[in-house]
Each structure stands twice: as structure tokens, then as C-alpha cells.
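Here is the structure we will look at.
The values are calculated or read from the model by the stated rules, or taken from the named source; none is laboratory data. Keep in mind that what you see is a predicted model, and the values were worked out from it rather than measured. Backbone-built Cβ (ideal geometry, glycine too); neighbour counts: all protein chains shown. These area figures cover heavy atoms from the full protein model, side chains too; ligands, DNA and RNA do not enter into them. Shrake-Rupley method; radii C 1.70, N 1.55, O 1.52, S 1.80 Å.
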Amino acid sequence: MEIIKNLHSYMAYIVLAVLIFAFINALMGLLSKREFTMHKDLRISLFALILSHIQLLIGLILYFVSANGLNALQTSGMGGLNSAARLLAVEHPFVNILALVLITMGWSKHKKKEASNAKFKTITIFYGLGLLLILSRIPWGVWFS
């Protein structure tokens, strides 16, 4: 259990860094109107997608075995959770699943685009929205304690 928790915590830094890198890469490609390359741009976006999904799977495992996840909801109910517990038990998982849905939609939609500008724009919008949602529900107090 502790190993899964540590893996989820430390991998979050890597996932955030790669997602930020993928977003900035797509934004710079969009603004500079450069060609979308399979060698660089596709791989960066795909790597961010894969790492994000792995992080989600680890998080879901943690959610179902942790005292802060599903067990907290079953024990206290929604009305019995304070704001920190609600963040970990409800808001963090729900919003991050929604963020991964957006990132996955961006990946899927970019593949259907022909023009490089459209590919970069799609990735910039969907990865950016997903990144914002993830950043909004990180338990910062736990990270910096």
C-alpha cells in the first residue's frame, strides 16, 4: 500500500513535467507554424498520454485500497468528510478522470487532422485543459508537507 502511494506521489512530478512539456511543445508549434513531425511531436504527445494513463491506473488502485479513497466515503459518507478528505476521496479522482478524458480526446482528434496547425491546436487545447484540471485538484498541502 505504501509503495503504491509513493509511486503515485513521485510519478506525479514526472507526469506533470511531461504534460507541461507536451503542452508547451504543441503551443510553440502552433505559434511558430512549424510542421508536425512524427519523430518529435507525435512522440512527445503520445508519451504524455501514456504516462498520464499509467498514473491514472496507479491512482485508481490506490483509491480502492486506501483509507482516504473509497473506504473514507463508505465509512463517513459525503456529509462526514472535511474539505481535505473530500478532496482526496471525491474531487481529486473525479476531476483527474475528466482531465484524462480531455487529454485522450485531444490525442484522438489530432490524429484525424491533416494540417500541422490543426494538430498542434487540438493538442494545445485539450492537453492544456486537462493540465489545468489536474493542477486544480492536486492536494498541494500533502505535496508540500
Seminar exercise, completed: S136 and N6 label points (each 7 Å along its Cα→Cβ direction) are spaced in nm at 3.3
Exercise. If R0 is 35 Å, what FRET efficiency do you get for A118 and A84 from their C-beta distance, rounded to 0.05?
Worked result: 0.25
Exercise. By average Cβ neighbour count within 10 Å, what is the ranking of 124-130, 92-98, 33-39 from highest down?
Worked result: 124-130, 92-98, 33-39
Seminar exercise, completed: Expressed per residue, the solvent accessible area of the chain in Å² (1.4 Å probe) is about 58
Exercise. Say the dipole of the chain comes from +1 at the beta carbon of Lys and Arg and -1 at that of Asp and Glu; which of L135, N82, I123 then lies farthest toward its positive end?
Worked result: I123
Exercise. Among (1) 21, 18, 15; (2) 33, 18, 14; (3) 33, 14, 12, which is the computed semi-axes √(5λ) of the Cα gyration tensor in Å?
Worked result: (3)
